[in-house]
Amino acid sequence: MTTMDSIPSTVTVTRNERTCASIAHEHEMMSAIMTALLEGRNASAVLRLNGMTIADWYSVLAVDIPMHPEERQTPLELQQAARTRLDRVHAELTRHGRQHALSMLGSRGGTILVPAPHTPELFTLTARLSASAEVPITATAVNVPHHEVPAGADRAHELLDIVHRLRYAPGLYRSQDLALEYQLTRPGPANDELAVLLDPLDQFPDLMQTLRLHLANKNNRQRTARALHVHANTIDYRLKRIKQLTGFDPGEPGGNWYLQSALLVRTYRATIANPRS
């Protein structure tokens, strides 16, 4: 082989090395900016050095990336699979630019910052990330000015915890979508009163099951009856018993609201007492 024969491969290796070095530098720079924002430090100096500007507002996303339900590998294989999912998520964020979206993600999720206002596109972003990772991703979003990113990240992850505890379906949830859940799960006298409102139903599992299904079915007694394989008249009887025991009528808007709120608080508290339930 002549010296000339080796030139193309040498050039290719050099280009690859430069590309890898460029990618590594970009990741390092993005990580520095993300860390500065999350820690509440001034990121302007880092941004100026790299020709970027800081956004006035950010959508702070708390993201959960679950394992694939069919994964049953060894610990090493699970680690590799998680790494692959994470690489796909990073690739999706890079491929679509997302107006200089920043991320700090681990194998099971983390935090993404998207310059606001881009709220409508956050639904598309979550769907694309799920498709790329091949798992149903759950995300919660809070919009904050750049100097409030640390508090926004705390709030977003708190909302993500609420979504998990209430066993909501995967997808994107904005702060306004969870305002009621957030308020109802805050500690306090009102929370304590709601938590015990359904205690009279504890000795009647059929009534508790009926209430859960009836509320989930938006008070459609026929649908609830079909789900429980009973006659609609049986549902009517059980709903009357629930009213007698709790003092709140599931058929009245006010009573229905209180019962839904009490069920939400009870479900949230149950997962705290029994995390694996």
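Quick note: the coordinates plus some simple rules give every number you see, no bench work behind them. The structure displayed is predicted, hence computed values, not measured ones. Using ideal geometry, Cβ is built from the backbone for each residue, glycine included, and neighbour counts are taken over all protein chains shown.
Couple of notes before you dig in:
- Computed on region 113-162, the Cα convex hull volume stands at 76 Å³ per residue.
- Extension gain for the segment E148 to L228, taken as residue separation times 0.36 nm less the Cα-Cα distance, is 24.0 nm to one decimal.
- Here the extension length gained between R269 and E121 equals 50.0 nm, from 0.36 nm per residue of separation less the Cα-Cα distance.
- Gyration tensor verdict on region 222-277 (Cα atoms; rounded if a/c is under 1.5, prolate if a/b is larger than b/c, oblate otherwise): oblate
- Between the listed residues H147, H164, A116, the Cα displaced farthest toward the positive end of the dipole of region 113-164, a dipole computed from Cβ unit charges relative to the Cα centre, is found at A116.
- Bridge type composition, region 77-177 - antiparallel percent by DSSP, nearest 5: 55
- Kirkwood-type radius of region 99-257, with distances r between different C-alpha atoms, in Å: 18.6
- For region 131-220, the list of trypsin sites (Lys or Arg not before Pro) that fall in a loop by DSSP and count at most 13 other C-beta atoms within 10 angstrom reads R167, K218.
- The length gained on full extension between D177 and A190, counted as 0.36 nm times the residue separation minus their Cα-Cα distance, comes to 2.6 nm.
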